[in-house]
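Working notes for the structure below.
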Amino acid sequence: MSSAVRYSYRRLTRADVSLLKDLLGVFGEAFGEINTYQHSVPGDDYLTRLLTKQHFIAVVAMNGKEVGGGLAAYELDRRPRC
């Protein structure tokens, strides 16, 4: 009999760059794009700035200390009509 996995959920802050990198790894596996998500990871300074932007949200599902899933959402600027 397998035991149920219990996840906790957490919105990432500027102090969670390492968790954001782990989430990128999860995305790479989920989308079959490991090279895209793991070989061109932006630097810590960029990721810290990204996590402070009001239009960007990242949430992770944690199984203990391991990122098991998550989502990233952001608002795109609307392009003006010409």
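Pop out the carbon and sulfur fraction of the accessible area of the range 1-57 as a percent, whole number, probe 1.4 Å.
49 percent
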Fill in the blank from the handout: Whole-Hz Karplus couplings 3J(HN,Hα) for the range 12-28, θ = phi - 60° and coefficients 6.51, -1.76, 1.60, Gly and Pro as x, run 6, 10, 4, 7, 10, 4, 5, 5, 5, 5, 4, 5, 4, x, 4, 4, x
Handout entry: Stretchable slack from residue 41 to residue 3, in nm (0.36 nm times residue separation minus alpha-carbon distance)
Key = 10.3 nm
Exercise for the section: Skip the ligands, DNA and RNA, and give the accessible area per residue of the range 27-82 with a 1.4 Å probe, whole Å². Expected result: 82 Å²
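Rounded to the nearest 0.05, what FRET efficiency do residue 33 and residue 81 give with R0 = 25 Å and r taken as the Cβ-Cβ distance? Could you check?
Working from the Cβ atoms, E equals 0.15.
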Practice task
Calculate the translational D of the chain in whole µm² s⁻¹ from Stokes-Einstein, where the hydrodynamic radius comes from the Kirkwood formula applied to all Cα pairs, the temperature is 37 °C and the viscosity 0.692 mPa s.
Solution key: 234 µm²/s
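Under 13 Å from the Cβ of residue 22, count the other residues' Cβ atoms, weight Lys and Arg +1, Asp and Glu -1, and hand me the total.
My count for the surroundings of residue 22 gives 0.
Going through the range 1-71, which GluC sites (Glu not before Pro) have at most 12 other Cβ atoms within 10 Å and a DSSP loop state? If you can, show how the numbers build up before the last one.
Details: sites: 29, 33, 66; in loops: 33.
When the GluC sites (Glu not before Pro) of the range 1-71 are filtered for loop state and at most 12 Cβ neighbours within 10 Å, 33 remain.
The values are calculated or read from the model by the stated rules, or taken from the named source; none is laboratory data. As the structure is a prediction and not an experimental result, all values here were calculated from the model. All Cβ positions, glycine included, derive from the backbone under ideal geometry; neighbour counts span all protein chains shown. Please note that ligands, DNA and RNA were not included when accessible areas were found on the heavy atoms of the full protein model with its side chains. Shrake-Rupley method; radii C 1.70, N 1.55, O 1.52, S 1.80 Å.
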